[in-house]
Amino acid sequence: MNPVLSLRGVSRRFGTVQALLGVDLDFGSGVHAVLGENGAGKSTAIKILAGLDQPDTGTVELDGNPVRLRTRDSAIEQGIGLIPQNGSLVGELTLLENLALTQPRQLIRRRHVREVLDAAAISAALPIDMTTPVKRLGRAQQQLGELALAVAQGARILLLDEPTSVLDADEIHGLHVKLREFAHDGITVVLITHHLHEVRAVADAATVLSHGTVSWSGQVADVDDLSLARAMVGELPSSTPPPRPPIGDDAEPALVLDGVWAATDDLAPVRDINLSVRPREIVAVTGTAGSGQRALAEAAAAVVQPERGTRRVTGAVAYIPERRADALLPSLPLKWSAVLPRLRDRRFTRFGMVRQNAVDEFARDLLARFDVRPPDPDLSADALSGGNAQKLVMGRELDVAPAVAVVHAPTQGLDLRAAQQSRELILATAAAGAAVLLLSADHEEARTLADRVLVLRDGRIVGEHTAVEYDDAVHRLVDVRPNEDGTA
Ligand SMILES: Nc1ncnc2c1ncn2[C@@H]1O[C@H](COP(=O)(O)OP(=O)(O)O)[C@@H](O)[C@H]1O
Ligand SMILES: [Mg+2]
């Protein structure tokens, strides 16, 4: 293989965290997967390759020659395109305007910008909407837009940082097809993912990062899944969920939604929702993107008030939102996010004064118990990786033995170990007596965690299954789409 883009002996340190240590990487033609747990150093490596960050030591090589990528622009000039983890587009602007923004000199020639983007979209066969503000496009459309933008900027290398963590199964498949086409056209594609089935589906070669070093690299055809998983996490922890006392049939529900209609932002609303969850019960709601999960979650957690109908709960409600950033104070030291719901406790504030020591101590303990890395209460909350932000929010919300827990997409974007920790925490919360409403697009997760599974489509509940029935029904739901009767 002739490497197109490489890292040679790259190290990068942030404060006390060694994000990368002596990393050698080679990306040649085709699709190359980069795997690793949350915090393994994947995004740091990609940022260095994209000119967004500089190594402390070591070099980037392009076609075997050292290059200095001091800025994002210098990497773009070298043909290095980036589709970052959290999107890079300005939501208020259209794709056209976003492209214009990256090419200020072209701005005066709006027509030219349109031609460039049209040409890129056509040559890459990307069906995209260029004239709607980006924030109104779905996540899949936004990503295609990012891809078109990168191609329009002349990319011959595409770096994608966990692009599939927010997509549903169909959208993931669509993206994979696109990536194979790019590879066929000679573009080097680098795809960060946690999912071994994705690596199998789309990648020719793979590199595994673990704690900042390369733990495996080679052709995908030469390796089995277990070896890849071991390279990612070492030996996999074995899972022993706590036993859950049986749910009494006559137990009073702790959460009831009675004929609830609700809407949030400009997302899909829900209509006439009737559901109840008893203490110790886990009820899952599945549905593809756009079926109203966010509105349902926010109505259940009392973030929004129902437009019609009523919501009843019997005690404290924990809420883990889909967008973890919504539950954090991003630019402050993360101890403030850790203590947020309890800040008014006398333990933390007296006579309007915050007791710094108590806050520090509490945060340190919470970070340790929920395995948030790095366990530094003074680190800015937005420096946490997605998985660690999730551990922080879940730990904070579920640590107080809530009567009701509304948990939205708890393992979205998490690596194997973090996903397992997150599922175990949900089971333990239910075992401790909480009524859990779980919203998840992951059928497997719904089936394995929940006692009952409700199917949400176009804002209505169109089916209810016990976990056992669901196993069977899910195949039919996945195979037969859309517009089929969801109760099938
Ligand atoms: N700007 C930063 N400041 C402090 N720590 C950081 C920063 N960026 C990354 N880190 C830390 O470096 C490690 C690797 O992070 P990252 O490359 O984002 O991992 P991954 O993408 O594999 O989840 C993590 O421990 C993370 O918290
Ligand atoms: Mg990352």
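For the range 347-368, how many residues meet the condition of being open to solvent by 70 Å² or more (accessible area, probe 1.4 Å) and part of a loop (DSSP other than H, G, I, E, B)? Here the count works out to 4. Looking for something within 15 Å of Val462 (Cα to Cα), open to solvent by 30 Å² or more (accessible area, probe 1.4 Å) and out of contact with any strand residue (DSSP E or B) (no Cβ under 6 Å at 6 or more places or on another chain) - is there at least one such residue anywhere in the range 282-289? The answer is yes, given that some residue of the range 282-289 is within 15 Å of Val462 (Cα to Cα), open to solvent by 30 Å² or more (accessible area, probe 1.4 Å) and out of contact with any strand residue (DSSP E or B) (no Cβ under 6 Å at 6 or more places or on another chain).
What residue, among those in the range 1-54 that are β-branched (Val, Ile, Thr) and in a strand (DSSP E or B), is surrounded by the fewest Cβ atoms within 10 Å (Cβ to Cβ)?
Val17
Looking at the structure I just gave you, is Gly87 at pLDDT below 90 and within 16 Å of ligand 1 (Cβ to nearest atom)? The answer is yes for Gly87.
When the range 176-217 is limited to residues that are on the phi > 0 side of the Ramachandran plot and open to solvent by 10 Å² or more (accessible area, probe 1.4 Å), the one that is modelled with the lowest pLDDT turns out to be His211.
Within the range 369-387, work out how many residues are within 15 Å of ligand 2 (Cβ to nearest atom) and either in a loop (DSSP other than H, G, I, E, B) or in contact (Cβ under 8 Å) with a residue 60 or more places away in the chain (or both).
Result for the range 369-387: 7.
Since Gly387 meets every condition but one in (1) open to solvent by less than 10 Å² (accessible area, probe 1.4 Å); (2) more than 20 Å from Leu334 (Cα to Cα); (3) modelled with pLDDT under 90, which condition does it not meet? Gly387 satisfies all of (1) open to solvent by less than 10 Å² (accessible area, probe 1.4 Å); (2) more than 20 Å from Leu334 (Cα to Cα); (3) modelled with pLDDT under 90 except (2). Within the range 395-408, the residues that satisfy the criterion of being among the hydrophobic types (A, V, I, L, M, F, W, C) and farther than 17 Å from Val303 by Cα are Leu398, Val400, Ala401. Can you confirm whether Leu89 is surrounded by fewer than 16 Cβ atoms within 10 Å (Cβ to Cβ) and either farther than 27 Å from Ser217 by Cβ or basic (Lys, Arg) (or both)? For Leu89, the condition - surrounded by fewer than 16 Cβ atoms within 10 Å (Cβ to Cβ) and either farther than 27 Å from Ser217 by Cβ or basic (Lys, Arg) (or both) - is not met. Looking across Leu296, Leu340, Leu329, one residue alone is closer than 30 Å to Gln356 by Cβ and in a helix (DSSP H, G or I). It is Leu340. Restricting attention to the range 21-48, the residues that are hydrophobic (A, V, I, L, M, F, W, C), within 22 Å of the chain's Cα centre (by Cα) and away from ligand 1 (no atom under 11 Å from the Cβ) total 2.
The rows are residues; the columns are (1) at negative phi; (2) surrounded by fewer than 24 Cβ atoms within 10 Å (Cβ to Cβ); (3) within 16 Å of ligand 2 (Cβ to nearest atom).
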residue	(1), (2), (3)
Ala409	no, no, no
Gln412	yes, yes, yes
Ala419	yes, yes, yes
Arg423	yes, yes, no
Leu427	yes, yes, no
Ala431	yes, yes, no
Leu437	yes, no, no
Asp442	yes, yes, no
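Looking only at the range 150-175, residues that are more than 28 Å from Gln390 (Cα to Cα) and open to solvent by 10 Å² or more (accessible area, probe 1.4 Å) come to 6 in all.
On the stretch given as the range 26-49, residues that are of a type in the set (A, V, I, L, M), out of contact with any Asp or Glu (no Cβ under 6 Å at 6 or more places or on another chain) and at pLDDT 95 or above total 5. Within the range 411-431, none of the residues are at pLDDT 90 or above and in a loop (DSSP other than H, G, I, E, B). Only residues that are in a helix (DSSP H, G or I) and more than 16 Å from ligand 1 (Cβ to nearest atom) were counted across the range 153-169, and they come to 1.
Of all the listed residues (Arg324, Arg344, Arg311), the sole one being under 15 Å from Ile273 (Cα atoms) and either open to solvent by 70 Å² or more (accessible area, probe 1.4 Å) or of a type in the set (D, E, K, R) (or both) is Arg311. Here Leu82 qualifies as more than 10 Å from ligand 1 (Cβ to nearest atom), assigned to a strand (DSSP E or B) and either touching a residue at least 12 places away in the same chain (Cβ under 8 Å) or open to solvent by 20 Å² or more (accessible area, probe 1.4 Å) (or both).
The values are calculated or read from the model by the stated rules, or taken from the named source; none is laboratory data. Owing to the predicted nature of the structure, the values given are computational and were not obtained by experimental measurement. A quick note on method: Cβ atoms are made from the backbone with ideal geometry, for glycine too, and the neighbour counts reach across all protein chains shown. The accessibility values were calculated without ligands, DNA or RNA, using every heavy atom of the protein model including side chains. Shrake-Rupley method; radii C 1.70, N 1.55, O 1.52, S 1.80 Å.
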